[in-house]
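The values are calculated or read from the model by the stated rules, or taken from the named source; none is laboratory data. What you see is a predicted model; the values in this text were computed from it and never measured. Note: ideal-geometry Cβ built from the backbone for every residue, glycine included; neighbour counts use all protein chains shown. These accessible areas exclude ligands, DNA and RNA; they are computed on the full protein's heavy atoms, side chains included. Shrake-Rupley method; radii C 1.70, N 1.55, O 1.52, S 1.80 Å.
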Amino acid sequence: MNRNERIARAITLSGKSKSEIASLCKVAPSAVTQWISGESKTLKAESVFALAKATGFRAEWLTFGTGPERAIEAGPNNSQGELIGLASVWDAETPLDDDEVELPYYAEVEFSAGNGMTEVVEVADRKLRFSKDTLRAAGVQPDCAAVARVKGRSMERLILDGAAIGFDTSFTNIVDGEIYAFNQDGMLRVKYLYSMPSNSVRVRSENADEYPDEILSAEQFQEISMLGRVYWWSTVRRSPRR
């Protein structure tokens, strides 16, 4: 199934008309027709993400045809291992399958002083087993891939609180509208980034109603540690509190 066929399937199964999809994706209806027919050879990242949100299908599947069509539900964390979409975290004794690689796992770690301050670091005793096929489809080299877990609601509905993300550590230059993971003052942040005049940077959330745009000056942006472009994520739906 090629990309336009996947898009057509997603729109059909969403139950929405092409006009509704066009409105949700903020494009002309003719653009949606071109997506379905295959006449449009390129599809902007923002359009893919908007289409994924509008149809309920995963952006990775729409773009590359990899992994499940729709988001996978996952349960609470397990101290030994957990299934996260196309990846799983296990202890060091678990052997790798032929189509898997181990990726470093990053998280916010509180300083030992106990003052509540955190730093984003690689957790030495945790690795994530990831599909080589997914890395190949995304054009990411295994030695440049890493994973982390998102906290907060700023990227909902695209990337939910608790979701795992994969990022390419070799891709840190800003391409407008792409999603990046970065370390800002010890916090792991995942946002759309846009280059602005005077080397400033616009930081945009998917949930823009609750999290307005931020503008970082060139000096402020220099203080940020870029982790890399986000190429994969899994949607995690946790059980609501009773």
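Overview of values
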{"quantity": "Matching residues, the range 178-205, being part of a strand (DSSP E or B) and not aliphatic (A, V, I, L, M)", "calculated": "Tyr180, Phe182, Asn183, Gln184, Arg189, Lys191, Tyr192, Tyr194, Ser195, Arg202, Arg204"}
{"quantity": "Test for Ser47: is it outside any helix (DSSP H, G or I) and crowded, with 17+ Cβ neighbours inside 10 Å", "calculated": "no"}
{"quantity": "Residue ID - most open to solvent (accessible area, probe 1.4 Å), chosen from residues in the range 156-174 that are of a type in the set (Gly, Ala, Ser) and over 19 Å from Phe64 (Cα atoms)", "calculated": "Ser170"}
{"quantity": "Meets criteria (open to solvent by 70 Å² or more (accessible area, probe 1.4 Å), hydroxyl-bearing (Ser, Thr, Tyr), out of contact with any Phe, Trp or Tyr (no Cβ under 9 Å at 6 or more places or on another chain) and within 24 Å of Glu178 (Cα to Cα)) for Ser19", "calculated": "no"}
{"quantity": "Filtered residues of the range 176-204 (kept if open to solvent by 30 Å² or more (accessible area, probe 1.4 Å), modelled with pLDDT of 95 or more and of a type in the set (A, V, I, L, M, F, W, C))", "calculated": "Met196"}
{"quantity": "Subset of the range 114-155 (residues that are open to solvent by 50 Å² or more (accessible area, probe 1.4 Å), part of a strand (DSSP E or B) and closer than 22 Å to Phe171 by Cα)", "calculated": "Glu119, Val121, Glu122, Lys127"}
